[in-house]
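Throughout, read-outs are computed from the coordinates displayed, never taken from laboratory work. Quantities reported herein were computed from a predicted structural model and do not represent experimental measurements. For neighbour counting, all protein chains shown are included, and Cβ atoms are generated from backbone atoms with ideal geometry for every residue, glycine included.
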Amino acid sequence: MPDKDLINFEEFKKNGEPFESPKVQRDLISEYLSILRANIIPILLILVVSVVVTFLFLRKSINVYKATTVIQIEPPQGNILQSSFGDVEISKDERYIANQIEVLKSYIIRDLVAGALLDSIPHRDDLKYFNFLVSNSENSGVSIPSKEVLRKKLIGIVEANQKKGLDAVDISVEGPYFNEAQLITLTYATVYLNYNLELSREDIQNVKNYLNSEKDKKLNELNDAEASLEEFQKRTGIIQLDEQTTNLVRTISDYDVEKNTAEIELKANQQRMNVLTSEYEKIDSNFVDYVDARLNSSLLAQIQSEIAKIEVARDVDIASTNDERVKEKIRADANKKISALQTQLNQQIEIFKKGLDSDTPDELKGVYDRIIDARIDSKRLSSRIASLGGVIGIYEGKFSQLPSQSIELAKLQRTRNSTEKLYLTLEEKYQEATINERSRLGNVSILDPGYDNYGPVAPDRPRIMLFGAITGLILGIAFAFLRNYFDKTIKTPDEIEDKGGSLLSWIPNIENISANTGIESEFVVYLRPTSAVSESFKALRTRIQFSKLQSRPLQTILVTSSIPSEGKTLVSVNLAGSFAQAGKKVLLLDCDLRKPKVHTFFKEERYPGLSDYLFNNVEFDEIVRETALEGMYFITSGTIPPNPSELLGSMQMKKFLDFLKEKYDYIVIDSPPLITVTDSEILFNITDGTVLIAQANKTPTETFWKTYQTLYNKNPHNLLGCVLNNFSFKSSYGYYYNYYYYYSRPEERAKK
C-alpha cells in the first residue's frame with residue numbers, strides 16, 4: 001500500500017516538497033484482494049502446513065471415552081415427625097440435590113470408592129486395558145496402588161451434574177479406556193447408594209427409638225390427665241362445658257399439639273446432631289456454636305421467623321371462619337407470601353453454606369452439611385414454636401373471662417385433649433417409622449449403569465481438522481497482510497498515480513519466452529510482438545510521443561532508475577524496438593559506462609563503442625550496429641573509461657547527440673541508476689525527456705519518490721513520467737488489469 005505521508009502534489013508543484021494527491025480513494029476491497037492474490041502461494045503453503053501438522057497431531061492423539069452412570073436422588077418428603085397441620089412445606093429439593101452432589105464428591109465417598117475398586121480389581125480379566133487404576137509394565141506386569149494413593153488419584157476425576165429440571169444426576173468419568181471409566185462411575189454410584197441407604201436406616205432407627213420413648217411418656221401423661229379430669233368431675237359435679245368454652249378448649253388444644261410436636265422434633269434434631277458430632281471425632285466442638293452465631297446474625301433467622309409468623313397467622317385466620325371460600329383465599333394469600341420468602345431463604349442458605357464450606361476440610365464436608373441442615377431446621381422449628389406460643393398466649397387470655405370452676409374444668413380438658421392428640425400423633429408416626437424401617441430402600445436408585453459405549457468423545461477430529469484449516473488460512477492471510485505492511489516497495493501502478501506521479505505505462509513480468517520460441521532473449525517486441533508485454537511497450541511509446549507539446553520534436557529519451565537491477569536496460573531495448581516497429585529510425589545508445597548491458601542483449605562485443613568514439617579512437621560507422629529489427633540500431637558503451645561522468649558531460653557528448661538527432665528519429669539512452677552516480681543527472685540536462693523506471697516489489701517507495709523529486713526539482717518539463725516494470729497483473733485484482741491482459745493476448749484468445 002502506498003505511503004500516503006510522502007508526497008503532496010500541489011506543494012510539490014510549488015516548491016518541490018512532498019505532495020499528497022487529492023485523487024479518489026482506492027477501492028480497499030480491490031486492494032485487499034490484490035494483496036491476497038499476490039500472496040496466494042505462501043497462503044496455500046501455510047494452509048497445507050497447518051493441515052498436515054493438525055493431521056499428524058490427531059494421528060498421535062489418544063482417543064478419550066466417556067462413561068456415564070445415571071442415578072436418581074429423590075428429595076426427602078419431610079421429617080417423619082413433621083406436623084401435617086400446615087399447607088406449605090419448606091422446599092429443599094434443589095438444595096438437597098446440590099448437597100448430595102457434594103457428598104458424592106466428598107472424602108468419605110472417595111475413600112469408600114477407593115476401597116471398593118481395590119476389592120474388584122483382582123477379579124478383572126481386562127486389566128491390560130487399564131492405565132488409571134493400575135500401572136502396566138512389561139517388566140513388572142500389573143501394579144496395584146495403595147488405597148491412599150488411589151483415593152488421591154480420584155480427586156477431580158469424577159464429574160457429577162444434575163440434569164436440568166430432573167432429580168437425576170450424571171456421574172461421568174473420561175479416560176482412554178471405556179471399561180475402566182465405566183467401572184469407576186458404577187462403583188461411585190453403588191457406593192453412594194449404599195452409603196445413603198445406611199444413613200437413612202440409621203436416621204429412621206434413631207427417630208423410631210425417640211418416638212417410642214416420647215410415646216410412652218405421653219401415654220403416662222394422658223393417664224394422669226384423664227384421672228385428674230375424672231376426679232374433678234366427681235368432686236364438683238360439673239360434667240361438661242358450654243359450647244363456646246368447648247370450642248375454645250378444642251382450638252387451644254390443637255395449637256398445643258402443634259407446639260408440642262415442634263418441640264419434640266426440635267429435640268430429635270438435637271439428638272441427631274449429637275450422634276453426628278459423637279460419630280466423627282474430627283469435628284470441632286465449637287462448630288455448632290459457630291453455626292448458631294452465624295445463623296442468629298444472618299438474614300436467615302429473620303426470614304424463618306417471618307415465615308413462621310405468616311404460617312401461624314394463616315392457621316388462626318382459617319380456624320376463625322367456617323366459610324370455605326374465605327379459607328381458600330386466606331390460604332392462597334398466605335402461601336404466596338411464604339413461597340416468595342422461601343425463595344429468598346434458599347438463596348440465603350446457599351450463600352451461608354458456601355461461606356462455611358470454603359474453610360471446611362474436604363473429608364468433613366458431608367458431615368458439616370448435615371449438621372448445618374439440622375441447625376437450620378432447628379431455627380425454623382424454634383421460630384414456629386415461638387409463634388405458636390404467642391398464639392396460645394392470646395387464647396389463654398380468654399380463660400380469664402370464664403367462671404372459676406369452668407376455668408379449672410377447661411384447663412383439665414385442654415390438658416387431656418392436647419395430650420391425647422399428641423399421643424395419637426406420636427403413635428401414628430411411630431407406626432410409620434416401623435414400616436419405613438422394614439421397607440425403605442433409600443432415596444437413591446441407579447437408572448442407567450452406563451454399560452453402552454458410544455465411541456470416543458475426544459478428540460473431535462472433524463472439528464479439529466476444520467479448526468486447523470481455518471487457523472492455517474487465517475495465519476496465511478495474516479502473513480500476507482504483514483508482509484505487505486512491512487514491504488515498503490512499490491507494488492502496483494495505482495500507488496504511483498495515487499501519489500500524484502505521472503505514470504506512462506506498466507510492463508508485465510516477462511514470461512519465459514524460450515519455452516515457445518527457442519530464443520533466450522528479452523527482446524520481447526521482436527520475439528512476441530502481439531504479447532501483453534509488447535502491447536505495454538506500444539502504449540509506452542504512444543504516451544511518450546504525446547507527453548510534451550513543444551516547438552521542436554522529442555528525440556533524445558533518457559531511461560534511468562533509482563537503484564540498480566530495475567529493468568531500465570530491458571525497457572530501453574524494447575522501447576527502441578517499439579519505435580522501430582512504428583516505422584521510425586531509432587538508435588539505442590548505451591550510456592551506462594560503469595556496468596553496461598546493452599551488448600549482452602544482442603550478444604555482441606562491448607567495444608568499439610561510445611567511449612572509443614568520443615576519444616576519437618574509431619569512426620562513427622565502426623560503432624553503429626544493426627539489429628534484427630528493421631530500423632533499429634544500437635551503439636554499445638565501448639571501453640569503460642576512468643572518468644565516465646566527465647566524459648558524459650563533455651562538449652563532445654553534446655555534439656555527438658546533436659549529430660545523432662540529424663541521423664535518427666529517436667535516440668533512446670540507457671543510463672546508470674540515479675542514486676548511485678551522477679551520470680544520469682548529467683544526461684538528464686542534455687536530453688529532451690526522461691523516463692524513470694521502477695520495478696514492482698523491489699524498488700523502495702521512499703527511494704523512488706526521492707529520485708522522482710530530484711528530477712522534478714531540476715526540470716519538471718524534462719521528466720516525462722514513470723514506468724512500473726515487472727508488474728504481475730495476474731495477481732492484481734481489478735477490471736482494468738484483467739481487461740488489458742485478455743485483449744492484449746490475441747494468440748491465447750484464438751486458442752479458446
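Taking Cα centroids, how far is the stretch 194-213 from the stretch 542-611 in Å?
After rounding, the separation between the Cα centres reads 111 Å.
Of Lys488/Lys568; Lys208/Lys336; Lys568/Lys595; Lys488/Lys597; Lys354/Lys379, which sit over 24 Å apart, Cα to Cα?
Lys208/Lys336; Lys488/Lys597
Name all residues of the stretch 611-646 having a backbone nitrogen under 15 Å from the label point set 7 Å from the Cα of Lys603 along its Cα→Cβ direction, giving them as ranges.
It comes to 627-629, nothing else.
Ranking request for peptides 635-644, 717-726: highest mean number of other beta-carbon atoms within 10 Å first, then the rest in descending order.
By packing density, highest mean first, the sequence is 717-726, 635-644.
Figure the gain on full extension for Leu482 and Gln205 (residue separation times 0.36 nm, minus the Cα-Cα span) and round it to one decimal in nm. Walk me through the numbers on the way to the answer.
Numbers: separation 277, 0.36 × 277 = 99.72 nm, distance 7.67 nm.
Here the answer is 92.0 nm.
Which of Lys234/Lys421; Lys128/Lys153; Lys499/Lys714; Lys215/Lys327; Lys327/Lys398 have a Cα-Cα distance over 29 Å?
Pairs exceeding 29 Å: Lys215/Lys327.
Can you tell me how much longer the chain between Thr236 and Lys336 gets when fully stretched, taken as 0.36 nm per residue apart minus their C-alpha distance, in nm with one decimal?
31.0 nm
Using per-residue counts of other Cβ atoms within 10 Å, averaged over each peptide, order 653-662, 689-698 from highest down.
689-698, 653-662
For the pair Gln545 and Arg594, what calculated FRET efficiency results from E = 1/(1 + (r/R0)^6), where r is the Cβ-Cβ distance and R0 = 45 Å, to the nearest 0.05?
The calculated FRET efficiency here is 0.90.
Within 10 Å of each candidate Cβ there may be at most 12 other Cβ atoms; applying that plus a DSSP loop requirement, which GluC sites (Glu not before Pro) in the stretch 587-657 survive?
Here the GluC sites (Glu not before Pro) that fit, given the DSSP loop and packing criteria, are Glu605, Glu619, Glu630.
Taking the mean number of other Cβ atoms within 10 Å as a proxy for protection, how do you rank 342-354, 207-219 from highest to lowest?
Going by the mean number of other Cβ atoms within 10 Å, highest first, we get 207-219, 342-354.
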